[in-house]
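J.: The following block contains the structure, expressed as structure tokens.
The values are calculated or read from the model by the stated rules, or taken from the named source; none is laboratory data. Predicted model, so just to flag it, every value in this text is computed and none were measured. Methodologically, a virtual Cβ is constructed for each residue, glycine included, from the backbone with ideal geometry; neighbour enumeration extends over all protein chains shown. Side chains included, ligands, DNA and RNA excluded: accessible areas come from the protein's heavy atoms. Shrake-Rupley method; radii C 1.70, N 1.55, O 1.52, S 1.80 Å.
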Amino acid sequence: MIRFESVTKRYPDGTTAVDDLSFDVDEGELVTLVGPSGCGKTTTMMMVNRLIDPTSGRIFVDDADVSGVDPVRLRRGIGYVIQQTGLFPHRTVLDNTATVPVLSGWKWAKARERAAELLDLVGLDPGVYGTRYPDQLSGGQRQRVGVARALAADPPVLLMDEPFGAVDPVVRDRLQKEFLRLQATMHKTVLLVTHDIEEAIRLGDRIAVYGDGRIEQFDT
């Protein structure tokens with residue numbers, strides 16, 4: 001589903017963030033990228049949806065070279081979850097969750113119906129939380145909304161950048177369990193970035209251990 005072929009990202013100052021990277025993520029597989037800050041794992045993930053473009057090499061999603069896909073269309077077809085959730089503060093939880101379907105051309109009524117289904121799926125009663133705003137939620141609840149929003153348009157691929165890193169250990173444990181439950185049902189193709197080796201082992205079907213811009217080990 002995701003394939004890297006000899007991908008390198010080099011910046012004008014000579015810094016090489018990712019060096020000749022080649023690996024595959026199979027359909028329905030959850031691969032964790034783990035390593036210290038600055039090792040290239042987030043850069044790797046952001047090249048999949050073209051928030052960063054590689055200097056050389058090619059990246060494929062479902063056999064399509066992403067360099068030939070319109071970036072906006074590409075991003076609307078890939079779920080994206082970040083550490084701070086990125087929720088719009090002026091929109092309700094329900095409308096935040098409905099964002100991508102609406103941008104993809106869904107009618108508001110259908111998008112909100114889908115959003116309500118997803119909120120319920122991640123353990124947030126839409127009748128209770130749907131009309132609230134992000135600042136009226138706890139950190140763990142905001143993170144659940146972020147996951148629901150990423151799933152709203154039913155994308156085949158999810159990119160998750162330290163998705164549970166901004167919450168306390170007890171909430172993180174609950175969110176990890178909840179996400180594993182969801183993944184067992186949905187079988188999304190997931191690339192998840194973390195600096196926590198325990199999280200990588202707990203969540204990943206396979207783990208890519210990063211050194212300096214390279215994968216040093218990649219296995220179950």
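J.: Rank VAL128, ALA111, LEU158 by how far each Cα sits towards the positive end of the charge dipole of region 99-167 (+1 on Lys, Arg Cβ; -1 on Asp, Glu Cβ) and give me just the farthest.
T.: ALA111
J.: For the chain, which whole-number percentage of the solvent-accessible area (1.4 Å probe, protein heavy atoms only) is attributable to carbon and sulfur atoms?
T.: 48 percent
J.: If you add up the charges near PHE88, with Lys and Arg at +1 and Asp and Glu at -1, over every other residue whose beta carbon is less than 14 angstrom from its beta carbon, what do you get?
T.: +2
J.: Give the distance, in whole Å, between the Cα centre of region 193-220 and the Cα centre of region 16-46.
T.: 8 Å
J.: Let me ask something else. Among PRO169, PRO36, PRO156, determine the one that fluctuates most according to a GNM of the chain built with springs between C-alpha atoms less than 10 Å apart.
T.: Sorting by GNM fluctuation, first place goes to PRO169.
J.: Taking a cut-off of 18 Å, what percent of all Cα-Cα pairs in region 1-109 are separated by more than that?
T.: 57 percent
J.: If you put +1 on each Lys and Arg Cβ and -1 on each Asp and Glu Cβ, how big is the dipole of region 77-176 around its Cα centre, in Debye rounded to 20?
T.: Here region 77-176 has a charge dipole of around 260 debye.
J.: Check the straight Cα-Cα distances from LYS177 and name the lysines below 21 Å, setting aside those fewer than 8 residues away within the same chain.
T.: LYS188
J.: Related question: Given the chain, what percent of its DSSP beta bridges are antiparallel, to the nearest 5?
T.: Antiparallel bridges make up about 45 percent of those DSSP assigns within the chain.
J.: List the residues of region 18-49 whose backbone N lies under 13 Å from a point placed 7 Å from the Cα of ARG214 along the Cα-to-Cβ direction.
T.: 18-22
J.: For GLN136 and LYS107 in the same chain, what is the full-extension length gain: residue separation times 0.36 nm, less their Cα-Cα distance, in nm?
T.: 7.8 nm
J.: Using a ≥ b ≥ c from the Cα gyration tensor of region 169-220 (square roots of the eigenvalues), is it rounded, prolate or oblate, where a/c under 1.5 gives rounded and otherwise the larger of a/b and b/c decides, a/b for prolate?
T.: oblate
J.: Let me ask you something else. For every helix of n ≥ 4 consecutive DSSP H residues, a contribution of -39,500 (n - 2.57) applies; sum these over the chain, divide by its total residues, and give [θ] at 222 nm rounded to the nearest 500 deg cm²/dmol.
T.: -10000 deg cm²/dmol
J.: Now, a different point. Once Rh is set to the Kirkwood radius over Cα pairs, what Stokes-Einstein translational diffusion coefficient, in µm²/s, holds for the chain at a temperature of 25 °C and a viscosity of 0.890 mPa s?
T.: Translational D for this selection: 138 µm²/s.
J.: Taking 8 Å as the Cα distance limit and 6 or more residues as the minimum spacing, I'd like the relative contact order of region 101-220 as a percentage.
T.: RCO, region 101-220: 19 percent.
J.: Right, next: Quick one: net charge of LYS9's neighbours, Cβ under 11 Å, K/R +1, D/E -1?
T.: Here the count lands on -2.
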